[in-house]
1. So what are the ³J(HN,Hα) numbers for the range B:88-105, from phi and the Karplus equation (6.51, -1.76, 1.60; θ = phi - 60°), rounded to whole Hz, Gly and Pro as x?
2. Using just the Cα positions, wrap the range B:157-218 in a convex hull and report its mean projected area in square nanometres, one decimal place.
3. The range A:75-130: percent of C-alpha pairs farther apart than 16 Å?
4. Treating the point 7 Å from Cα along Cα-beta-carbon as the label, what are the nm separations from E:GLY165 to the other copies, to one decimal?
5. Considering amide H positions built from the backbone, and no H for Pro or chain starts, which residues 5 or more places from D:HIS5, or on another chain, come under 5 Å of its amide H?
6. Could you grab the relative contact order for chain F? Cα pairs under 8 Å, six or more apart, rounded to a whole percent.
7. Report the FRET efficiency, 1/(1 + (r/R0)^6), for F:GLN60 and F:HIS5, where r is their Cβ-Cβ distance and R0 is 22 Å, rounded to 0.05.
8. Given charges of +1 on the Cβ of Lys and Arg and -1 on the Cβ of Asp and Glu, with all other atoms neutral, how large is the dipole of the range A:147-220 about its Cα centre, in debye to the nearest 20?
6 protein chains.
Amino acid sequence: MADSHVDFMVVSAHPDDAEVQMGGTIVKLVRKGMRGVLIDLCDGEPSDFDAPGERVKQAQRAAEILGVERILLPFQDRMIQDTIEIRMAVAREIRRLRPRTVFSTAAACVHPDHEAMEPIARAAVFYARLKHWDRVPGGEALADSEPWEVDRLFFPHCKLEPVWGDFAFAVDVSETYGLKQRALAEYRSIFKVDEGDRLLDLYEAEDAHMGRLAGVRYAEIFRAHSPLVVDDPTSFLPGVHA
Amino acid sequence: MADSHVDFMVVSAHPDDAEVQMGGTIVKLVRKGMRGVLIDLCDGEPSDFDAPGERVKQAQRAAEILGVERILLPFQDRMIQDTIEIRMAVAREIRRLRPRTVFSTAAACVHPDHEAMEPIARAAVFYARLKHWDRVPGGEALADSEPWEVDRLFFPHCKLEPVWGDFAFAVDVSETYGLKQRALAEYRSIFKVDEGDRLLDLYEAEDAHMGRLAGVRYAEIFRAHSPLVVDDPTSFLPGVHA
Amino acid sequence: MADSHVDFMVVSAHPDDAEVQMGGTIVKLVRKGMRGVLIDLCDGEPSDFDAPGERVKQAQRAAEILGVERILLPFQDRMIQDTIEIRMAVAREIRRLRPRTVFSTAAACVHPDHEAMEPIARAAVFYARLKHWDRVPGGEALADSEPWEVDRLFFPHCKLEPVWGDFAFAVDVSETYGLKQRALAEYRSIFKVDEGDRLLDLYEAEDAHMGRLAGVRYAEIFRAHSPLVVDDPTSFLPGVHA
Amino acid sequence: MADSHVDFMVVSAHPDDAEVQMGGTIVKLVRKGMRGVLIDLCDGEPSDFDAPGERVKQAQRAAEILGVERILLPFQDRMIQDTIEIRMAVAREIRRLRPRTVFSTAAACVHPDHEAMEPIARAAVFYARLKHWDRVPGGEALADSEPWEVDRLFFPHCKLEPVWGDFAFAVDVSETYGLKQRALAEYRSIFKVDEGDRLLDLYEAEDAHMGRLAGVRYAEIFRAHSPLVVDDPTSFLPGVHA
Amino acid sequence: MADSHVDFMVVSAHPDDAEVQMGGTIVKLVRKGMRGVLIDLCDGEPSDFDAPGERVKQAQRAAEILGVERILLPFQDRMIQDTIEIRMAVAREIRRLRPRTVFSTAAACVHPDHEAMEPIARAAVFYARLKHWDRVPGGEALADSEPWEVDRLFFPHCKLEPVWGDFAFAVDVSETYGLKQRALAEYRSIFKVDEGDRLLDLYEAEDAHMGRLAGVRYAEIFRAHSPLVVDDPTSFLPGVHA
Amino acid sequence: MADSHVDFMVVSAHPDDAEVQMGGTIVKLVRKGMRGVLIDLCDGEPSDFDAPGERVKQAQRAAEILGVERILLPFQDRMIQDTIEIRMAVAREIRRLRPRTVFSTAAACVHPDHEAMEPIARAAVFYARLKHWDRVPGGEALADSEPWEVDRLFFPHCKLEPVWGDFAFAVDVSETYGLKQRALAEYRSIFKVDEGDRLLDLYEAEDAHMGRLAGVRYAEIFRAHSPLVVDDPTSFLPGVHA
């Protein structure tokens, strides 16, 4: 099978989801020399505090801060559902960009767009690896591309949701947290960056709490559907209480 | 049955446990005019940073800050187990002080002393309401006191533990959090108050995160064994995401 | 933001769902002076034992017994799914009636109509509070109304489902249970009221069991997605076993 | 290995526990021609409403009503803990009576005696099947008896506990429920049989609710530690909602 | 109500699902003299290793090996979703064939077709028992058939999924496992039968593991939504560790 | 703090527990150049098939095959409980050997000795890091040694238990599985190595199943109490279904 083109892909409903959920992890991977790309299913319009079109520009600047490419798909904010069409559109991007790792928002979110992301991402990863779409009525969107099988699919926590008592792993993002916050500060269309924003406060509070529990300053948390498989169980970072 | 003597009792393994786990709630209840008492099973010796005897003095000052009475039982730090003797000692205090509500540390803690608290508290609450201890061999410690039945038993979260994804309720402690922090700052025998202490940082991070999730600045979280029963389900505070 | 127009709203798939799941709670809130409204997504036709049109009349009489208003939406029994259209129709009612508390059927029900209610209700509550629907293609149904943010969203138990081992709270409905039963007895189109009905027997058995566990005669149980936040944890009713 | 001597054994902390938790199931098995025996770890003294010695006589009459033998072990009510001594005493009875099925109270009970039963029963079943106790210091109590391996160990629900959302199976006890109630009515030392007793009401409410959920009048519910293995999955009784 | 026409029905997304998930159980029921039928929602095209049309022939031969009839519905592989149309098509088969027990794939599968099966099967079982479809707009597909109420609905484990820590029951299929493997070996369109196939290896590894845990050679595992109700709890097979 | 003396320690109730639960992982770590030590709490006497003293010799040979040191503590098989004395004895070994990672048997085991291991290991790890045992009455066993804080504490699965649906991670042990099996084959005192042993068959079936689920031949599975913290989430091995 051909080589991967990017190391990781983050599939999100809206511009800013990737940053909120795993901005620190994204910068961390980029600093390790990996190539990453963000896929936003919609442009996030209408936004609360800016004119139409601003949010996409802010998202572009945020991606530059994080050091990743950003791709916009043409679906409608507030109305994202797990349809064959959206699955196929995401699967096309997976086949085109060939990521080793895919991230997408974990299920059961307050926002129905978020809620749709986990089934969309799982189906898209599955569709991307299947062959013979040319022989499937309705499969045209994938008929002319090569199958691609991703290594792992992980789901960061949606911070509007109740906290997770159980998750697969936390990533220490203490050193890259400043860049995450700078990227989030671009989104003046949706956050009251200067006055203090209750959502930004919540996001920071979660990352700080997860960090302290992990014995570091900031951490982002992830779930997985398939079990984690490791080569060396002594390679995890020390736990704050073993 | 006779009247209660105190409104609430907090039964903890060590001095500082009550403050860490629910100091803001304690002040809140005191400000509502309730009388509270803290029961510490041991004096918390040896402590890391002070001479023997200092921690108990610090605990006394902390109790004054919170506005509650503090009672010390003579068990040994690091070696608290769910024994008949400890159950009886706590049940005696429950019968003597007649609290309506009892709080004690929730199970499954990193520290084995903490782990013992939930079974001790549950058994003590149960022992306290049983009659006829004069007819039980080994029941002398409760033979000469009147039964007392508490209304509710709740368990605050032990902050050394992984966060809870599910809990019974959170208490908004934004307005009383300053006093909680002042009470904790008394414990120079166990926290590096001036230099910054990774445990104090963790405790504050949890309360801030739980607060933000509840739409307020700080919150403390609790579990219950029996279901919550309410008279009016519209009397809960607004949820940040309904 | 403007004042609420009703205190609570119950959104259900069928006429009789609100009564079965939380009829006692409804009367209780009404007796506290609150204004409530029931939203039924369909007319419940066809019914088993009566001519078309009877069930809606029975529902109207039941609402009068409970002391609430009842509104009928034009969807089809047996075919209720979580669609954008239904979300919008419910969100319109939320914006129009401005309830502080919304109740809807909890997920995972035997009946597929019931199963759709939790995602519909969550999305409708979320849609209702979003602004700028005039700038959303397909958002016309909400384009001309003001946003409304509800305080809390709770989910009563669907009694066709296995019992819940864990729930957020129970409401003591001992004193209003007679009216709940009178309201249910109106539904001769679906229950064999006079001969004894195995569904009515099941419903009463659950309420009686939940009541006994809560130390009262009858109780109705509820779940919540966001954590409960309270001002005073000593204000819960006494537990039967603390 | 030699034949079993009894078909089933119920190991309980107190006289009346077996009746409350699974009295209907006991009668059902007896009516199928099985031989059963109840093991009570203590005599249940002191009781609330009768003179010392009465509860044991009541227990004996209850056993006769159920159609089983009853054996009293010499441990102390309120102080039953998971000790080597109690494990051995129960294991001795298992070896002597050779039951195919053992029942004991499920874990996590309000009463600390109940809480100890599941670990005691599991250890006793395990001890009973081990050989060579003559070579174990402290193993004298089992040194002179033959090993016995039980087929299954099941745990009925303790009705003081919150209801189970998940359990292994329910037994339809509609036809034998009258005898269960007659057996319970013997225990005038602990229940206010004539005036109405809130505990008896709770017990009946649980059995009625579990029965209605199972499509019958009364049912008792059980958990298992090891998975259920069946020869024919179509042999379960019909479910009320499939 | 009229008699059943078949004893059991297995409703699956693809040819081979029934065999993989419960082939040993199917043969076991057939050997007890029961009549079974498999419903495949699609023909499983395109397949990886054979020409179009081969998989259906292989499925037919596999059904003959298992001893059951096989019926093909006209839906599209990879695109099976929980729609009213599919629910109705399955409900039609249930009404026509009148099975006492229905089996279908348990929820939460890697493959989105599998994920849709549990809601489809639950809704179809529910639709099948409802009357008066002639009075439901869109209900024509069920308007001319008699209602049928199945006794039980069970869900075998989808072996692409993480293993279940909790399930309702295991069926000992040691004696019929050879036929299951013969049936699976027919599917050369999807498995590399001769070279060794990592999926076939996984399937066998699960059945062997579940068997060993149940004290036998091979077992297949199932979940249920409604609780299991039994007449005799001593009729389960012995557990390997009680 | 001084350097570690060993890289990892496995604390088990009996000789053979470490091999059964994580023998493949042990060899894997040794092959990476790590130094490991096994702590057995007892000598495993009496054994079923050999004279007293043989099992310890077999354990010694097994340790040599695995490439680790083995230390025997003087507690009694079948009677291991979570006592202060055992906690201290294990904590002494932790302080003496200074392991970075400690492994011990996960809770909730069929065998009561196994059940005690998780609380013993957690308390021992906690005791080992506490200072000032010279000032604790009863703390003499730790009074003259230096504190040691382990990095992580992990719990392999006890294979007598029901399988875990959820665990922290699996270790691919395909390449070292032969040595695990050779080490287990030394234990002729407890396994019928030549005739085929139902326990050895069960152990192999679990490892093979967990391996196939992880996309490899054999895997061993582990739980953790504190969350996993990683530096690079893309460093996990590929999942078989992403």
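1. 5, 4, 6, 4, 4, 5, 4, 5, 6, 9, 6, x, 6, 10, 10, 10, 8, 4
2. Average projection, Cα convex hull of the range B:157-218: 4.5 nm².
3. Of the Cα pairs, 38 percent sit more than 16 Å apart.
4. Sorted ascending, the copy-to-copy spacings read 0.9, 1.0, 1.1, 1.1, 1.5 nm.
5. Long-range HN contacts for D:HIS5: D:ARG98.
6. Value for chain F: 23 percent.
7. Computed FRET efficiency for F:GLN60 and F:HIS5: 0.60.
8. In total the dipole reaches around 140 debye.
All of the numbers you see were taken from the coordinates with simple rules; none came from a lab. Predicted model only: the values in this text are computed from it and were never measured. Cβ coordinates were reconstructed from backbone atoms using ideal geometry, including for glycine residues, and neighbour counts include every protein chain displayed.
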